[in-house]
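See below for the structure under consideration.
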Amino acid sequence: MPNKPPSPKALEQARTRLDDALTTHPGDPTLLLLRGRADARVGRYAEAAEFFDRAAKGFRAIDDLVNEATARLDEASSRSRAGFDEEARTAYHLAIDVFTTISQPLGAAQGRLALARHELANRQFDTARIELERCLEPLALAEAYGDLGWACERLVDLTRRNEDVEVALNHARIAVEAAGKARERDVFGGRLAVLGALHRQANHPAKARSYLSKSLPYLRETGPRAMLLDALMELSELEAERERAERSRDYLEEALQVADRGATVVDRRRVRLKLATQLVEVIPTRARRLVDEVLSLMEDTDHRGDRAMWTQIASVQSRLGETQAARESLARGRPRPQQVD
């Protein structure tokens, strides 16, 4: 069984004992480090950062550079949590510099990872990308596959933002390999699905189908449900593109079941519309029922002006011979006229 976290009372007692010890040994860097961690455990991040800063200076004075770097990382994390962004960056860079000085590339890489998290939280995406890219080689050499996979996942997100699909594909491949080596079954399926989606974006349909299909058993087992839903929808579209209508509908039928087990209203509507579109000529009564369910899902929200959605609905209704209903749907998709005061 995992250890229970200490109670607030126990944490307060620990802080008191450390304060008593520091009265006798005020410059002891180990005591200062522990005192900072005690403050951080109770959310007093600004106070914790000051203890970590003092601890780092104390370790520097006795030439204990490993613990100096560790204390700087703790300081940086606390300053970041306290909202002091620039001070946090300074502390992260100090830690990275110390690890580099003592030839500990893994420590420096983990410092860069922590700095990248900070930059991502502050939406400094270009800086985060630079730090993540610089830590890939040392993480791979150290076989730190968990951290390597996480870094590559973030780089996939960042490079896709800039439409660097081939670069994103390379990072996605490494993320999949890292999950396999780390035996991270809970993320393996999601990374396979991302790799498949990127291959589709790069116009590699066969590879897209392969990776997306491989992702399904893992996603069915561990989720997340939203990724399973997206993978099924992608596979349905890929099968439709090569005119395998029945297989495409099979994926949509499973997607419908997944959506109805807790997906957003938007996704439940999206799957129904896609399936209705495919069933118009095959099972028109089912297509009509699915459209009715879409309209029911929209009752609580004003969707007037959502032209793409209403056009899809109107298209299905028109193919079902419901001309008047199709006209009404198209009308509901027109933007409302601006009110003039």
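The values are calculated or read from the model by the stated rules, or taken from the named source; none is laboratory data. Just so you know, these numbers come straight off a predicted model, no measurement behind them. We place every Cβ from the backbone using ideal geometry, glycine too, and count neighbours over all the protein chains shown. In case anyone asks, the SASA skips ligands and DNA or RNA and just uses the protein heavy atoms, side chains included. Shrake-Rupley method; radii C 1.70, N 1.55, O 1.52, S 1.80 Å.
A few points about this structure:
- In this structure residue 261 has an accessible area near 130 Å², from a 1.4 Å probe over the protein heavy atoms.
- Computed from Cα positions, the angle between helix 125-141 and the longest principal axis of the chain comes to roughly 70 degrees.
- Rounded to the nearest 20 debye, dipole of the range 222-280 from Cβ charges on Lys, Arg, Asp, Glu: 260 debye
- For the chain: accessible area per residue (Å², 1.4 Å): 55 Å²
- Residue-averaged 222 nm ellipticity for the chain, from DSSP H runs of 4+ at -39500 (n - 2.57), nearest 500: -26000 deg cm²/dmol
- In the range 205-341, the inverse of the mean reciprocal separation of distinct Cα atoms equals 16.0 Å; this is its Kirkwood hydrodynamic radius.
- Base-10 log of normalised Debye intensity for the chain (one unit scatterer per alpha-carbon) at q = 0.08, 0.13 Å⁻¹: -0.60, -1.03
- The chain: angle of helix 65-82 to the longest principal axis, Cα-based, in degrees nearest 10: 50 degrees
- Dipole in debye (nearest 20) - the range 11-147, about Cα centre, beta carbon charges: Lys, Arg +1; Asp, Glu -1: 260 debye
- Normalised contact order of the range 191-341, rounded percent, pairs of Cα under 8 Å and 6 or more residues apart: 13 percent
- Residue of 285, 100, 70 that the Gaussian network model of the chain assigns the largest fluctuation, springs spanning Cα pairs under 10 Å: 285
- One compactness figure for the range 236-314 is 1.09, namely its Cα radius of gyration divided by 2.2 N^0.38 Å.
- Charged side chains reduced to their Cβ positions (Lys and Arg at +1, Asp and Glu at -1) give the range 121-256 a dipole of some 140 debye around its Cα centre.
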